[in-house]
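One structure below.
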Amino acid sequence: MNLNAIHHAKSQLHWENPLLNPEFVADLTTIISPYATAVGISELFQRVPPPTGLQVITSWKSDSLLSGAADPEVLRVVEEYGGRLYLHDRIHLKLYVCSSHHAVLSTGNLTSNGLGFSSRPNIEASAIVELQSDDWNRIA
């Protein structure tokens, strides 16, 4: 993605899903989302080509698994796309990392509703942010 465009856009609130921008997805490396479903990931990659080496970090807390907000089938889908899945029990942020220095910070989870693909999607917003080395230390 054009870094000048990222720099210019980072101060703006985005109401549309930035993951539908093929330039952004081409640079996507990591998705951090406490709620992720196989349907959400599959629908995303039906619309845009999946990135190489994708890492997904999610949470499988019992209440989210029981409600369907989290889905163990995510492992199969992520592996089908050549990615890796990691579990983290304390995350709440939704961060779609497109390089080591830029990401989309979003209210939307990696689900059909959160990504805006369902018939009654959630109302979500996002902003492009610049990542610093300290950000990576806090995420780890």
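The magnitude of the dipole of the range 67-111, with charges of +1 and -1 set on the Cβ of Lys/Arg and Asp/Glu and taken from the Cα centre, is near 200 debye. Around the Cα centre of the chain, unit charges on the Cβ atoms of Lys, Arg, Asp and Glu (plus for the first two, minus for the last two) sum to a dipole of about 140 debye. Taking the DSSP beta bridges with both ends in the range 27-140, the antiparallel portion is around 60 percent.
Farthest toward the positive end of the dipole of the range 80-137, out of Leu95, Gly114, Gly82, is the Cα of Gly114, where the dipole comes from beta carbon charges about the Cα centre.
At 1.4 Å probe radius, can you tell me the per residue accessible area of the range 69-131 in Å²? Each step should come with its number before you reach the end.
Values: 3270 Å² over 63 residues.
Value returned for the range 69-131: 52 Å² of accessible area per residue.
Full extension of the chain segment joining Leu66 with Trp15 gains 15.4 nm, where the gain is 0.36 nm per residue of separation less the Cα-Cα distance.
Taking a ≥ b ≥ c as the square roots of the Cα gyration tensor eigenvalues, the range 52-105 comes out oblate, since a/c reaches at least 1.5 and a/b does not exceed b/c. For the range 21-62, the solvent-accessible area of protein heavy atoms averages 41 Å² per residue (probe radius 1.4 Å; ligands and nucleic acids excluded). Rounded, prolate or oblate: pick one for the range 66-140, where a ≥ b ≥ c are the square roots of the eigenvalues of its C-alpha gyration tensor, a/c under 1.5 means rounded, and failing that, prolate if a/b is larger than b/c, else oblate. Oblate, because a/c is 1.5 or more while a/b does not exceed b/c. Carbon and sulfur: what percent of the range 13-77's accessible surface (1.4 Å probe)? Carbon-and-sulfur percentage of accessible area, whole number: 58.
Between 0 and 90 degrees, the angle of helix 38-47 with respect to the longest Cα principal axis of the chain falls at about 40 degrees.
The values are calculated or read from the model by the stated rules, or taken from the named source; none is laboratory data. Predicted model only: the values in this text are computed from it and were never measured. Cβ sites come from the backbone with ideal geometry, for glycine too, and all protein chains shown count toward neighbours. The protein model used for the area step is the full one, side chains on, heavy atoms only, and it has no ligands, DNA or RNA in it. Shrake-Rupley method; radii C 1.70, N 1.55, O 1.52, S 1.80 Å.
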